[in-house]
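A short worksheet on the structure shown next.
The values are calculated or read from the model by the stated rules, or taken from the named source; none is laboratory data. The structure displayed is predicted, hence computed values, not measured ones. Reconstructed Cβ throughout: ideal geometry from the backbone, glycine too, with neighbour counts over all protein chains shown. The area values use the complete protein model at the heavy-atom level, side chains included, leaving out ligands, DNA and RNA. Shrake-Rupley method; radii C 1.70, N 1.55, O 1.52, S 1.80 Å.
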Amino acid sequence: MAITLKDVADTAGVSTSTASRALRGSPLITPETRTAVQSAATSLGYRLNRAASSLRAGRSQLVGLVLNNLVNASFHTIAEIVQKRLADEGYQLILGTTDADPTVERRLLETLGDHGVDGVIVIGTGQNAAVTNRFLEDGMSVVNLIRSSRDSAAPTVLAADRDGAFAAVDHLLSLGHRRIGYIGGPVSTDSGRERFGGYTDALEAAGLSVDPSLVLQGPFTPDFGASAVTTLLDRDTGMTALFAANHESVFGALPVLVSRGVSVPDDLSLICYEDIPWLQMWRPPITVVDNGASELAELAVSLLLQQIKHDHAAPVDRTGRTYRVGAQLIHRASCAPLP
């Protein structure tokens with residue numbers, strides 16, 4: 001005989017409606033009651049029919065998180081925080097990666113739409129605003145994160161990348177460095193464009209111009225980082241400091257510095273963008289610009305939940321408004337004054 005929701009409610013000693021709300025993760029249910037209902041459901045082998053519940057409520061309790069890759073450590077932090085926040089609110093997260101391919105991204109977004117997700121957070125290419133704008137028109141919730149899209153009608157949460165890059169280069173300049181190498185992402189992306197802008201601004205504020213021989217920009221991959229560092233070291237540029245503003249490239253750049261016998265900071269002062277425990281444990285620990293990944297995730301999921309749960313009589317942000325989370329320079333041992 002099939003186990004019903006009433007069986008679960010009777011076992012837990014609650015009403016059927018309370019059992020239903022508890023299994024759907026309603027915040028109106030106390031943790032004690034939720035635990036009792038979930039324990040009863042587990043012991044009886046009962047599983048909530050989410051498809052039927054979604055049809056009745058007009059909600060799927062599903063949210064998509066679309067991102068470029070899982071190499072970027074900030075994306076890991078964001079995925080963990082978004083998943084936990086959504087689970088606390090009774091939602092399930094569907095995670096998809098695109099390798100920064102606009103076509104793959106579009107297909108993934110359309111698949112999420114076909115499955116009736118309540119909303120999506122997109123760390124994307126910025127080239128599929130037509131799809132996400134259609135989601136908004138259909139009543140679905142959308143937030144752009146880290147990457148903006150000029151044509152998107154959804155709110156966007158960005159890091160203060162220009163300010164963070166300026167602080168990093170200004171610090172190296174204060175130590176006497178004038179030949180500062182730069183490894184960045186492509187200027188077609190927000191982070192690539194804004195971090196290079198911060199690098200340029202800091203040099204210009206010190207009365208210096210950008211030397212193209214010290215600059216390499218490319219894809220967010222460890223292979224690019226390895227080849228970029230190799231190229232900069234092979235060039236006779238007099239480079240005494242390096243700002244690695246392309247986070248994924250750091251995974252390829254640091255091993256090359258070790259293999260080439262470059263001593264940090266004795267031979268080369270180094271600052272990287274985006275913090276991870278790996279950089280804290282490196283010898284010496286690496287000075288970084290912390291982009292505030294946790295704060296970015298918290299703000300993005302709050303904006304999404306505001307859209308999903310809003311009362312239609314109250315205002316909700318479904319505009320192209322941009323929110324910024326500040327960056328912070330964290331000083332460690334990888335930078336030293338120029339001898």
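Which one of H177, S39, Q307 is farthest out on the positive end of the charge dipole of the chain, using unit charges on Cβ (Lys, Arg +1; Asp, Glu -1) and the Cα centre as origin? Working it through, the farthest residue towards the positive pole turns out to be S39. Neighbours of G185, meaning other residues whose beta-carbon lies under 12 angstrom from its beta-carbon, give a summed charge of -2 when Lys and Arg score +1 and Asp and Glu score -1.
Above 16 Å lies some portion of the pair distances; for region 217-286, what is it as a whole percent of all C-alpha pairs?
Working: 1023 of 2415 pairs.
Of the Cα pairs, 42 percent sit more than 16 Å apart.
For region 103-225, report the translational diffusion coefficient in µm²/s to the nearest whole number, using Stokes-Einstein at 10 °C, 1.306 mPa s, and a Kirkwood Rh over Cα pairs. Estimated via Stokes-Einstein, D reaches 97 µm²/s.
In this structure, the amide hydrogen of V157, modeled 1.01 Å from its nitrogen in the peptide plane, lies closer than 5 angstrom to those of N144, L145, I146, Y323, counting only residues at least 5 positions away or on a different chain. With a cut-off of 14 Å between beta carbons, the residues surrounding I276 carry a summed charge of -4, where Lys and Arg count +1 and Asp and Glu -1. Relative to the first principal axis of the alpha-carbon coordinates of the chain, what is the inclination of helix 222-234, with its axis defined by its Cα atoms, in degrees from 0 to 90 and to the nearest 10? The helix 222-234 is inclined about 10 degrees to the chain. When only alpha carbons are used to place a centre, region 235-282 and region 1-34 end up 54 Å from one another.
Counting only protein heavy atoms and a probe of 1.4 Å, the accessible surface of region 221-298 is 53% carbon and sulfur.
Over the chain, give the accessible area per residue in Å² for a 1.4 Å probe, as an integer.
Details: 15400 Å² over 339 residues.
It amounts to 45 Å² per residue over the chain.
Sparsely packed loop sites in region 234-306 (the chymotrypsin sites (Phe, Trp or Tyr not before Pro) outside DSSP H, G, I, E and B with at most 16 other Cβ atoms within 10 Å) do not occur. When restricted to Cα atoms, the chain yields an Rg and a Dmax of 24.0, 81 Å, respectively.
Considering only V169, V104, V143, the mean-square fluctuation computed in a Gaussian network model of the chain, springs between alpha carbons under 10 angstrom, is largest for V104.
Within region 69-117, the proportion of C-alpha pairs whose separation exceeds 15 Å stands at 55%. Applying the criteria of a DSSP loop state and at most 13 other Cβ atoms within 10 Å to the trypsin sites (Lys or Arg not before Pro) of region 113-182 yields R150.
What does the charge count near A205 come to, summing +1 for each Lys or Arg and -1 for each Asp or Glu among other residues with Cβ under 15 Å from its Cβ?
On the way: positive: R162, R178; negative: D163, D170, D201, E204.
It works out to a net charge of -2.
Axis angle, to the nearest 10 degrees, between helix 293-309 and the longest C-alpha principal axis of the chain: 30 degrees.
Over all pairs of different C-alpha atoms in region 184-303, the reciprocal of the mean inverse distance, the Kirkwood hydrodynamic radius, equals 15.2 Å. What angle do you read, to the nearest 10 degrees and between 0 and 90, between the alpha-carbon axis of helix 190-205 and the longest principal axis of the chain? The answer is roughly 30 degrees.
Where the centre of each part is set by its Cα atoms, how far does region 89-112 sit from region 118-191, in angstrom? Computed from Cα coordinates, the inter-centre distance equals 18 Å. When the charge dipole of region 200-338 is built from unit charges on Cβ atoms (+1 for Lys and Arg, -1 for Asp and Glu) and taken about the Cα centre, the candidate among A226, P212, I330 whose Cα reaches farthest toward its positive end is I330.
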